[in-house]
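Asker: For reference, the structure I am asking about is given below.
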Amino acid sequence: MQKIITNNDYKKIGLGFLIAAPLFFLLGYFMRGCGSVDRQAKVTYSGSFTEGTLISIDAKNVILKDPDFSIPLETVEKIEFLEDAQSLNSSQVPLSDSEKSFVGTYKLQVGIHKGVLSIFPRKTGGIGASLRFTNWGKGTNEYLSGIKVTGKSIRFIRSCSGAKCSEIGSSTPFTQTYTGDLDGKKIQGAYQGSNSSGRWIAER
């Protein structure tokens, strides 16, 4: 019996192509010799997602680090590159001299927790920031808010609520306000939070 393809079938085929085409483009690009990416990315797969540093894509897997993660390529629905210190140059966007002095990637220590703090120029102007811990939660990138630079001082807010808490690995909602002063390649300061407070240090 001959199968009739309906308009709905064409729509499904078209939707599948729109989803698959960018993935095949990326795969083809990396298979041609650019195997290493080293960019912050959000990978959506099997109805879920994770964030980390995208290292490579091969015929079977998408490989991330920080946290280390391997995702079967057949389950990947979307890959989004995120703004970070490597993706934009501070000369490409309007920044004050004070903001420029903070841009970079830092080794971060908050109490007993270690991780990475990234401060980067945003396409819309000003700076953005994210952090992730290697020995706390899920090691997921957390984007910071309320970022303000005054001279050699910086202030930002780390927080989570609702589903965001489970995404980063926190069992409870929280809000923490960080303040610090830049001295050469080092930022030192204090944080005050809903259930905790202490000192923090970040060094390039």
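Asker: Restricting to Cα pairs below 8 Å that are 6+ residues apart, what does the relative contact order work out to for segment 97-203? Please round to a whole percent. Spell out each step's value before the answer.
Answerer: Values: 229 pairs, mean separation 22.5, N = 107.
So the answer I get is 21 percent.
Asker: Once R0 is set to 30 Å, what does the formula 1/(1 + (r/R0)^6) return for the Cβ-Cβ distance between residue 98 and residue 59, expressed as a FRET efficiency to the nearest 0.05?
Answerer: Values: r = 47 Å, r/R0 = 1.57.
E between residue 98 and residue 59, to the nearest 0.05, is 0.05.
Asker: Same structure again: Using modelled backbone amide H atoms (1.01 Å from N, in-plane), which distant-in-sequence or interchain residues come within less than 5 Å of residue 138's amide H?
Answerer: 169
Asker: Sort 150-162, 53-65 by packing, meaning the average of other beta carbons within 10 Å per residue, with the highest value first. Each step should come with its number before you reach the end.
Answerer: On the way: 150-162: 15.4, 53-65: 17.5.
Averaged packing, sorted descending, gives the order 53-65, 150-162.
Asker: Residue 164: which lysines have alpha carbons under 30 Å from its alpha carbon, excluding same-chain residues fewer than 8 sequence positions away?
Answerer: Result set, ordered by chain and number: 42, 60, 65, 78, 100, 107, 114, 123, 138, 148, 186.
Asker: For segment 36-81, just run the numbers: alpha carbon Rg, then divide by 2.2 N^0.38 Å, N being how many residues it has. Working shown, then result.
Answerer: Details: Rg = 9.1 Å, N = 46, 2.2 N^0.38 = 9.4 Å.
My calculation over the Cα atoms of segment 36-81 gives 0.97.
Just so you know, all these numbers are worked out from the coordinates, no wet-lab data involved. Quick caveat, the model's predicted, so the values are computed rather than measured. With ideal geometry, Cβ positions are generated from the backbone for all residues, glycine too; neighbour counts draw on all protein chains shown.
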